[in-house]
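Enquirer: The structure under discussion is supplied below as structure tokens; questions concerning it will follow.
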Amino acid sequence: IVPERDIADLMTRDAAFAAVEKVFAAMASGEAYNFPVVREAIGHEDALYGFKGGFDRAGLTLGLKAGGYWPNNLEKRGIINHQSTVFLFDPDTGKARAMV
């Protein structure tokens, strides 16, 4: 489990942009794709919640993002409105690799 506060020490902005560029290239060539998105209003706190996932065969990256938007967070709780967690899985075994 990698807390958000530790990301800056583990990943540079340049490395993140390079990784995203590789995924977009893999998507353009058909080697990567997204799964259908699920997004719903949960009927509590005016929140929207959903799941986005995909697989990159070229980079052997399998994962999903679960999260959403809680518009009352900042005013009520002093935390950001957008909340999400990314889960990465081993594409060979399906076992969890990381949760960020």
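The values are calculated or read from the model by the stated rules, or taken from the named source; none is laboratory data. This one's a predicted model, so the numbers in the text were calculated from it and none came from an experiment. Cβ atoms come from the backbone with ideal geometry, glycine included; neighbour counts cover every protein chain shown. When the accessible area is computed, the model is the full protein with side chains, heavy atoms only, and any ligands, DNA or RNA have been set aside. Shrake-Rupley method; radii C 1.70, N 1.55, O 1.52, S 1.80 Å.
Enquirer: Kindly report the accessible area of the chain per residue (heavy atoms of protein chains, probe 1.4 Å, no ligands, DNA or RNA), in Å².
Expert: Numbers: 7540 Å² over 100 residues.
Dividing the accessible area of the chain by its residue count gives 75 Å².
Enquirer: If you don't mind, another one. Mean-square fluctuation check for the chain, GNM, Cα pairs under 10 Å: which of 24, 87, 55 is largest?
Expert: 24
Enquirer: Using Cα springs under 10 Å in a Gaussian network model of the chain, which residue among 39, 13, 57 shows the largest mean-square fluctuation?
Expert: Top of the fluctuation ranking is 13.
Enquirer: If you place +1 on the Cβ of every Lys and Arg and -1 on the Cβ of every Asp and Glu, how big does the dipole about the Cα centre of the chain come out, in debye to the nearest 20?
Expert: On the way: 11 positive and 13 negative charges, 19 e Å.
With Lys and Arg at +1 and Asp and Glu at -1, about 100 debye.
Enquirer: Starting from the Cα of residue 51, step 7 Å along the direction of its Cβ; do the same at residue 4; then give the gap between the two resulting points in nm.
Expert: With each label point 7 Å from Cα toward Cβ, the separation is 2.2 nm.
Enquirer: Separate question: Mind telling me which of 12, 85, 61 comes out most flexible in a GNM of the chain, alpha-carbon contacts under 10 Å?
Expert: Fluctuation is largest for 12.
Enquirer: How far apart, in nm, are the 7 Å Cα→Cβ label points at residue 37 and residue 79?
Expert: In this crude label model, residue 37 to residue 79 measures out at 2.3 nm.
Enquirer: Tilt of helix 13-28 relative to the longest C-alpha principal axis of the chain, in degrees (0 to 90, nearest 10)?
Expert: That works out to roughly 70 degrees.
Enquirer: Next up: Please report, as a whole percent, how much of the solvent-accessible surface of the chain comes from carbon and sulfur atoms (probe radius 1.4 Å). Numbers along the way, then the final one.
Expert: On the way: 4440 of 7540 Å².
Summing carbon and sulfur atoms, their accessible area is 59 percent of the total for the chain.
Enquirer: Using only Cα atoms, locate the centre of segment 21-45 and the centre of segment 51-83, then give the distance between them in Å, rounded to an integer.
Expert: Each part reduced to its Cα centre gives a spacing of 11 Å.
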